[in-house]
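In what follows, a single structure is set out as structure tokens and then discussed.
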Amino acid sequence: MSDAYVVGVDMIKFGRFPDRTVPQIGAQAALMALDDCGLTIKDMEALYCGNLGQAAGMVGQRILQEIGQTGIPVINVSNACATGATAFREGWAAVKAGLYDLVLCVGVEQMGKGLLGGAGGGSGISREGLLGSGTMPSVFAEAGLEHSRKYGTTFAQFAKVSVKNHHHSTLNPKAMYQIETPLEVVMNAEMISYPNTKLMCSVNVDGSAAAIIASEKKARELGLMKRAVKVRASVLTSDPWQERDLVMPDVNSCTRLAAKKAYEMAGLGADDIDLVELHDCFATAEILHYENLGLCGPGEAGRMIDTGEVALGGRIPVNVSGGLLSKGHPLGATGIANIYEVATHLRGEGGKRQVEGARIGMTHVIGLGSACGIHILEKA
Amino acid sequence: MSTKPLPAVSYIKIPESGEPYLEGYQCGACKATFLGTRQVCSKCGARDQMATKRLPNSGKLYSYSIVHRSFPGIAVPYISAIVDLDDGTAIKGNLIDIEPDPEKIAFDMPVDVVFADALGRKDREGNSYISYFFKPKSA
């Protein structure tokens with residue numbers, strides 16, 4: 001099978017765009033990605049579109065109404081917070097299979113404000129606050145405190161993740177926020193669900209990102225190899241059975257499984273990775289994923305944040321984009337936005353936040369329910 | 001409208017006489033326990049091996065969060081708790097009768113499962129509900 005390459009990729013600056021439609025927001029990133037490689041919609045053979053909020057709304061076709069109705073197949077994808085990564089992976093799979101030489105993948109979301117989560121159902125009364133909490137800040141707080149019970153991880157260590165990612169975002173003009181948040185500011189922000197304060201929760205924003213995937217033959221034919229990024233691994237998992245998964249949505253085992261498969265597919269180990277964009281939907285989650293992705297050993301995640309190993313300039317920089325905590329988390333767009341971030345560093349176009357000498361990077365997203373998507377990318 | 005309170009979730013059983021209790025489903029092949037009905041075991045894939053099992057009324061606190069902001073109309077703060085019952089079944093609910101302060105809450109603290117009215121919540125038809133709560137075991 002031929003290799004597949006990202007030849008064009010871009011994202012809009014995340015923000016709040018209540019006056020625009022979902023297809024309009026998605027179309028903007030699609031056009032930016034096409035411009036990034038000098039192609040047009042007429043060159044695309046299929047569109048893979050990720051969106052959650054209007055999952056039944058044929059968003060991909062409506063994007064084509066904004067940028068060119070060429071009659072290509074459209075696959076609309078919904079897979080919780082792994083939606084964008086799933087759309088990208090479906091496009092990658094089709095190119096790998098030899099079905100197409102050029103495909104467009106778009107992730108887009110328009111978010112409301114407020115808490116994410118399910119209030120439960122089944123009986124005639126709300127279960128929220130009666131049988132614990134189904135809000136996302138609480139679910140991820142419980143996953144974080146599970147790490148605390150095993151390894152003594154502290155509130156301050158969780159909070160340092162937000163300090164780091166908010167700092168990184170000051171170097172990223174496409175992030176929602178560019179604001180430094182010192183540790184005492186993070187820890188003293190409004191408590192949402194202990195130990196997650198408001199500044200330790202991802203930002204609900206509107207956004208879109210898009211990528212164009214090409215077969216090796218086509219990328220060479222079009223002279224696009226110079227800035228191309230090779231997809232070394234693409235993995236999607238669901239949550240394998242775990243003893244507490246009825247009451248604790250599983251963010252760990254499906255990530256561990258996906259990481260193992262991704263390293264195998266790429267023929268690489270964690271030591272080969274130069275930067276990681278991982279799913280910091282809450283500060284507590286980022287700590288868990290250092291270990292889940294094998295960036296450190298069991299119980300070493302607290303040390304990783306204390307020593308700055310995961311900060312820009314450290315041993316393995318994590319979320320130099322600012323992450324979901326500060327760049328923002330438009331659910332369906334996130335999985336492609338983090339591919340944009342890693343590709344930008346591999347191309348040496350990261351500006352002030354460039355990870356020096358980056359050759360190989362990893363992206364990770366997890367959607368509760370659960371779905372985990374991991375990609376390993378390499379400079380061509 | 002029912003004359004008697006209804007169970008807040010399907011795995012609370014309210015007998016004609018005697019105290020309410022929790023009922024799980026256990027796979028006869030691998031012994032995994034589930035809350036709520038299930039035909040096939042999602043751990044081992046065995047079919048037609050599920051049997052009901054009365055769950056114990058005590059356990060230990062596995063993990064928790066202290067919820068300070070919830071959906072509109074939900075009283076805060078409260079403690080959302082994950083408890084491992086004595087037979088190993090994991091269950092989620094509110095931890096009550098303890099201050100919502102991380103200094104006061106200890107992992108593995110023993111708790112009892114107690115049954116009470118579902119915080120006065122009623123459905124549209126006016127039915128009352130019985131729910132369960134976790135309460136620290138008195139020393």
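If the condition is being surrounded by 12 or more Cβ atoms within 10 Å (Cβ to Cβ) and facing another protein chain (nearest Cβ under 10 Å), then region B:103-125 contributes B:Ile105, B:Ala106, B:Phe107, B:Ala118, B:Leu119, B:Arg121, B:Lys122, B:Asp123.
When region A:110-130 is filtered for residues that are more than 19 Å from A:Ser193 (Cβ to Cβ), modelled with pLDDT of 90 or more and within 10 Å of another protein chain (Cβ to nearest Cβ), only A:Ile125 remains. Screening region A:135-249 for strands (runs of 3 or more DSSP E) wholly inside it with 2 or more residues that are within 22 Å of the chain's Cα centre (by Cα) and away from chain B (no Cβ under 12 Å) returns the ranges A:207-215, A:229-238. Among the residues of region A:125-162, those identified as farther than 30 Å from B:Asp117 by Cβ, surrounded by 22 or more Cβ atoms within 10 Å (Cβ to Cβ) and among the aliphatic types (A, V, I, L, M) are A:Ala143, A:Ala159, A:Val161.
Could you list all residues from region B:21-39 that are of a type in the set (A, V, I, L, M), more than 13 Å from A:Leu246 (Cβ to Cβ) and touching an Asp or Glu at 6+ places or on another chain (Cβ under 8 Å)? None - no residue of region B:21-39 is of a type in the set (A, V, I, L, M), more than 13 Å from A:Leu246 (Cβ to Cβ) and touching an Asp or Glu at 6+ places or on another chain (Cβ under 8 Å), so the list stays empty. Taking region B:89-100 as the range and being in contact (Cβ under 8 Å) with a residue 24 or more places away in the chain and more than 7 Å from every other protein chain (Cβ to nearest Cβ) as the test, the residues that pass are B:Thr89, B:Leu95, B:Ile96, B:Asp97, B:Ile98, B:Pro100.
Out of region A:338-373, which residues are among the aliphatic types (A, V, I, L, M) and more than 16 Å from the chain's Cα centre (by Cα)? Quick ask: steps written out before the conclusion?
First, pick out the residues of region A:338-373 that are among the aliphatic types (A, V, I, L, M): A:339, A:342-343, A:346, A:355, A:358, A:360, A:362, A:365-366, A:368, A:371.
A:Leu346, A:Val355, A:Ala358, A:Ile360, listed by residue number.
Tell me, yes or no, whether region A:371-379 has at least one residue that is more than 21 Å from A:Tyr5 (Cβ to Cβ) and touching a residue at least 12 places away in the same chain (Cβ under 8 Å). Scanning region A:371-379, I find at least one residue that is more than 21 Å from A:Tyr5 (Cβ to Cβ) and touching a residue at least 12 places away in the same chain (Cβ under 8 Å), so the answer is yes.
Applying the selection to region B:45-55, what residues are in contact with a strand residue (DSSP E or B) (Cβ under 9 Å, 6 or more places away or on another chain) and surrounded by fewer than 14 Cβ atoms within 10 Å (Cβ to Cβ)?
Of region B:45-55, the ones in contact with a strand residue (DSSP E or B) (Cβ under 9 Å, 6 or more places away or on another chain) are B:46-55.
Residues satisfying the conditions are B:Arg47, B:Asp48, B:Ala51, B:Thr52, B:Arg54.
Selection of region A:225-257 for residues being touching a Phe, Trp or Tyr at 6+ places or on another chain (Cβ under 9 Å), modelled with pLDDT of 95 or more and not small (Gly, Ala, Ser) yields A:Met225, A:Val229, A:Lys230, A:Val231. Among the residues of region A:10-51, those identified as acidic (Asp, Glu) and under 22 Å from the mean Cα position of the chain (by Cα) are A:Asp10, A:Asp36.
Name every residue in region B:81-139 that is among the small types (Gly, Ala, Ser) and not in a loop (DSSP other than H, G, I, E, B), in order of residue number. Quick ask: steps written out before the conclusion?
The first filter runs over region B:81-139 and keeps only residues among the small types (Gly, Ala, Ser), leaving B:81, B:88, B:90, B:93, B:106, B:116, B:118, B:120, B:126, B:128, B:131, B:138-139.
Scanning region B:81-139 gives B:Ala81, B:Ala90, B:Gly93, B:Ala116, B:Ala118, B:Gly120, B:Ser128, B:Ser131.
Among the residues of region A:253-265, those identified as in contact with an Asp or Glu (Cβ under 9 Å, 6 or more places away or on another chain) and crowded, with 22+ Cβ neighbours inside 10 Å are A:Cys254, A:Tyr263.
A:Lys96 passes every criterion in (1) basic (Lys, Arg); (2) more than 30 Å from B:Ile66 (Cβ to Cβ); (3) in contact with a helix residue (DSSP H, G or I) (Cβ under 9 Å, 6 or more places away or on another chain) apart from (3).
Do we find a residue being among the aliphatic types (A, V, I, L, M), in a strand (DSSP E or B) and at the interface with another protein chain (Cβ under 7 Å from one of its Cβ atoms) anywhere in region B:45-65? Checking region B:45-65: not a single residue is among the aliphatic types (A, V, I, L, M), in a strand (DSSP E or B) and at the interface with another protein chain (Cβ under 7 Å from one of its Cβ atoms). If the condition is being within 11 Å of chain A (Cβ to nearest Cβ), surrounded by 13 or more Cβ atoms within 10 Å (Cβ to Cβ) and free of Cβ contacts under 8 Å to residues at least 60 places away in the same chain, then region B:1-24 contributes only B:Tyr11. In the set (1) touching a helix residue (DSSP H, G or I) at 6+ places or on another chain (Cβ under 7 Å); (2) over 22 Å from A:Val203 (Cβ atoms), the condition left unmet by A:Ala343 is number (1). Tell me, please, whether a residue that is farther than 21 Å from A:Gly302 by Cβ, surrounded by fewer than 24 Cβ atoms within 10 Å (Cβ to Cβ), modelled with pLDDT of 95 or more and of a type in the set (Val, Ile, Thr) can be found in region A:211-224. No - not one qualifying residue is present in region A:211-224. In region B:70-82, the residues that are facing chain A (nearest Cβ under 7 Å) and surrounded by 15 or more Cβ atoms within 10 Å (Cβ to Cβ) form Cβ pairs under 9 Å with partners that are in a loop (DSSP other than H, G, I, E, B) and of a type in the set (Val, Ile, Thr), at six or more places apart or across chains, as follows: B:Ser70/B:Val76; B:Tyr78/B:Ile96; B:Ala81/B:Ile105; B:Ile82/A:Val247.
The values are calculated or read from the model by the stated rules, or taken from the named source; none is laboratory data. As the structure is a computational prediction, the values presented were derived from the model and not from experiment. Glycine also receives a Cβ, built like all others from the backbone with ideal geometry; neighbour counts cover every protein chain displayed.
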